[in-house]
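Engineer: Structure below; questions to follow.
The values are calculated or read from the model by the stated rules, or taken from the named source; none is laboratory data. Just so you know, these numbers come straight off a predicted model, no measurement behind them. Positions of Cβ are generated from backbone atoms using ideal geometry, with glycine treated the same way; all protein chains shown enter the neighbour counts.
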Amino acid sequence: MKRPLRALAAAGLLAAGTLVAVALGGTASADTQICEQYGSTTIGGKYVVQNNRWGTSAQQCINVTSTGFSITRADGSAPTNGAPVSYPSIFVGCHYTNCSPGTNLPVQVKNISSAPASISYNYVSGAIYDAAYDIWLDPSPKRDGVNQMEIMIWLNRQGSIQPIGSVVGNASIAGRTWEVWRGSNGSNNVISYVAPSAIPSFSFDAMAFINDTRNRGAITNDWYLTSIQAGFEPWQGGVGLAVNSFSQTVNTGSNPPPTTSAPTTPPPSGGASCTVTYKAANVWNNGFTADVTVKNTGSGTINGWTLNYNLPSGQTVTNAWNATVSQSGSAVTARNAGYNGTLAPGASTSFGYQATLNGSYSAPSSFTLNGSACARG
């Protein structure tokens, strides 16, 4: 997607680029070459493929097939500590007034039952890039301009590049483990899920990532999904990178908010039957992020959990993920989300949060789970 505030010099090009993308839009019946900066075409009667060379004046060309596209020319280059040169991609939904044929987007998150997705990539060596699956959301049914929330699923990255923001923890989504980054580019918020190694093909429900972002407090169920895109962000090189195939459907129905409370089963008495591991993932002058892991060390299953503890003076929770966290004075209460409330013997779950910090950092000293004291991990 065009990201004008990653490179402010590109901002003046975006309005003109919107018109060019629409004017050049057509339907690809055979392989189609696109070299225009914001040139686009449609394939399969459902998707839009766009060149989207937003960050450089150097030439870039893509070859559009009946199922995807490949980069055939990539003359642009950018330093790895800044923005990429482009985002050639295929998408469903609306992007700067260019909407895919017959799309039902924008649609509110609460009205989406599932969003089955499938992607197949071709990767190359010698280039610096990421392969990103982008999900865009906004409080309004926006069809033009920048949305307020960007979810990036990094299925591969090559070179010394990194997502916007900083690491806030890890997440298990769609059967895989992801490193989670969170930040802002000055125009929109970004949560990135980074795969530890390259994923050449992936079939999943995009709602799993949207729900995780919602559970982190970044969006609500009333926000709108506006587009889903898959492509590459190259910094240097990229010829041969390809989206071999792309499939994305958004099914409407009910998507209830996460459960904030559940019936609880106290752990058996007679000694600690839980372990809590608490660590600061990142500490800076006036804030920190914390990762908390709760483990059931008892012999019975815990069906719903509530963790209580006190934060040291000067620490205030501002947002959380994978749990509902509230604070009154120094007392903190963390309750399971709808998907991690059951802990079999030996099982564990993790949640995290960001907090402000006034003074030096220190960790809580004791924890109770469903009213029983836990050992420290």
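Engineer: Quick one: count up the residues across the range 100-127 that are surrounded by fewer than 20 Cβ atoms within 10 Å (Cβ to Cβ) and in a strand (DSSP E or B).
Structural biologist: Residues that pass the stated criteria total 8.
Engineer: Filter the range 81-97 for residues that are assigned to a strand (DSSP E or B) and crowded, with 24+ Cβ neighbours inside 10 Å and give the result.
Structural biologist: SER89, ILE90, PHE91, VAL92, GLY93, HIS95
Engineer: State whether one or more residues within the range 128-149 are surrounded by fewer than 18 Cβ atoms within 10 Å (Cβ to Cβ), under 21 Å from PHE232 (Cβ atoms) and among the charged types (D, E, K, R).
Structural biologist: no
Engineer: Step by step: first the residues of the range 129-143, then only those that are part of a strand (DSSP E or B) and of a type in the set (Ser, Thr, Tyr), then the one that is nearest to LEU225 (Cα to Cα). Which residue is that?
Structural biologist: Ranking the qualifying residues of the range 129-143, first place goes to TYR133.
Engineer: So, restricting to strands (runs of 3 or more DSSP E) that lie completely within the range 303-373, which ones have at least 3 residues that are among the hydroxyl-bearing types (Ser, Thr, Tyr) and surrounded by 14 or more Cβ atoms within 10 Å (Cβ to Cβ)?
Structural biologist: On the way: elements: 306-310, 315-321, 323-328, 331-336, 348-357.
Hits in the range 303-373: 348-357.
Engineer: List the number of the failed condition for GLN327; all other conditions in (1) polar (S, T, N, Q); (2) more than 29 Å from LYS110 (Cα to Cα); (3) modelled with pLDDT under 90 hold.
Structural biologist: (2)
Engineer: Can you pull out the strands (runs of 3 or more DSSP E) entirely within the range 144-226 that have at least 3 residues that are under 25 Å from VAL243 (Cβ atoms), outside the structural domain of PRO79 (by TED's automatic domain parsing) and polar (S, T, N, Q)?
Structural biologist: In the range 144-226, no matching strands (runs of 3 or more DSSP E) lie anywhere.
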